[in-house]
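A quick write-up on the structure given underneath.
Laboratory data are not the source of any read-out in this text; all were calculated from the coordinates shown. Worth saying up front: this structure is predicted, and the values here are computed from it rather than measured. Glycine gets a Cβ as well: all are built from the backbone with ideal geometry, and neighbour counts include every protein chain shown.
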Amino acid sequence: MSAPVGIFDSGFGGLTVVRQFFETLPEESLAYFGDNARVPYGSRSQEEIQAFVLEVAAFLVGQGVKALVVACNTATAAALPALREAFSLPVVGIIEPGAKAAALATHSGEIAVIATEFTINSGSYQAAIKKYNPRAKVYGQACPLFVPFVEKGKLSGAEVEAAAGEYLSFLAATAVDTLVLGCTHYPHLLPVIRKVIGPDIKIIDPAEATVGTLKEILQEKGLLAPAGNVPQHRFYTSADPEQFRRLGQQLLGQPMDYVEQVPVKK
Ligand code: DGL
């Protein structure tokens, strides 16, 4: 089936999932929605996030997508059951696949998750990791400055390093050997995060396992694009489309030919 896969986030974070999507499923078309007008989601209430997510998903479903990938941990934590109830197409969340990958990767049994305030406070990662590794000790740390840095295109420099140093300093007192980037914006800051934590801790980007899950579902349901399909990608943003294109292309490392602004409720 040559219909696109819908992937969405509160902003530029989901592009880290899109990168993985292009690598794993090069013949699939994409409809991406970045809700840049309402980012960040991570400091909002569940009610508000759920309303935003249902609105964005309804738009993508209206574009004829065959499946939805919630490329936002906060949206997954706040609204995955609501999405599955509202729409009858396959909906892939990002927390379960990432938690499983982390639970299986640790040797020390200590895992740290960095994410938005909402995701950390929801306990979703903690619960999902324990499902796969009941004895794991899970540390959660919110990093509220990271999303605004990425949305401004500020991916390195003294300010970003100082914030990362502060957020990640707790690791020194633990036996953590596995760090989950539990917000899709954070892989954009990977070089800084790696520099701050040193070479020994394994970093899990849930994007890889999430796109793997998507591929399995498309295969199982007979929804894969036909062999040789020439994909078409569309990017939608609720904010300024030219700004989205400029920074989006830089973050994605690929041109975005089709970018359209879609107004959302405030
Ligand atoms: N990228 C999102 C996530 O994965 C959330 C960022 C935000 O809007 O706070 O959690």
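So here's what we get for this one:
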quantity: Rounded to whole Hz, the Karplus (6.51, -1.76, 1.60) HN-Hα couplings of segment 41-57, x for glycine and proline; calculated: 7, x, 10, 9, 7, 4, 4, 5, 4, 4, 5, 4, 5, 5, 5, 5, 5
quantity: Shape call, segment 36-121: gyration tensor on alpha carbons, a/c limit 1.5; calculated: oblate
quantity: Estimated distance in nm for a label pair at ALA3 and ALA158, the labels positioned 7 Å out from Cα along Cα-to-Cβ; calculated: 5.3
quantity: Rh (Kirkwood; distinct C-alpha pairs) - segment 107-167, Å; calculated: 12.9
quantity: Value at 222 nm in deg cm²/dmol, rounded to 500, when DSSP H runs of n ≥ 4 in the chain each add -39,500 (n - 2.57); calculated: -13500 deg cm²/dmol
quantity: Angle between the chain longest axis and helix 207-220 axis [Cα atoms, degrees, rounded to 10]; calculated: 40
quantity: Cross-link pairs beyond the 31 Å C-alpha cut-off, checked among LYS66/LYS137; LYS154/LYS202; LYS130/LYS154; LYS131/LYS154; LYS131/LYS266; LYS202/LYS265; calculated: LYS66/LYS137; LYS130/LYS154; LYS131/LYS154; LYS131/LYS266; LYS202/LYS265
quantity: Counting all C-alpha pairs of the chain, share separated by more than 27 Å (%); calculated: 33
quantity: Segments 106-118, 150-162 sorted - mean Cβ within 10 Å per residue, highest first; calculated: 106-118, 150-162
quantity: In sequence order, calculated HN-Hα J values of segment 136-146 (Karplus, 6.51, -1.76, 1.60; Hz; x Gly/Pro); calculated: 5, 9, 10, 9, x, 9, 7, 10, x, 7, 5
quantity: 3J(HN,Hα) from dihedral phi, segment 177-190, Karplus parametrisation 6.51/-1.76/1.60, rounded to Hz, x for glycine, proline; calculated: 10, 9, 10, 8, 7, x, 9, 6, 6, 5, x, 5, 9, 3
quantity: Descending principal axes extents, segment 195-245, alpha-carbon based, whole Å; calculated: 43, 36, 20
quantity: Efficiency of FRET from Cβ geometry, ALA127 and GLU47, R₀ 30 Å, rounded to 0.05; calculated: 0.90
quantity: Stretchable slack from ALA86 to LYS265, in nm (0.36 nm times residue separation minus alpha-carbon distance); calculated: 62.6 nm
quantity: Among GLY13, GLY248, GLY228, residue whose mean-square fluctuation peaks in a GNM of the chain (springs only between Cα atoms under 10 Å); calculated: GLY228
quantity: Two-site FRET efficiency, ALA105 against GLN232, from Cβ-Cβ distance with R₀ of 45 Å, rounded to 0.05; calculated: 0.80
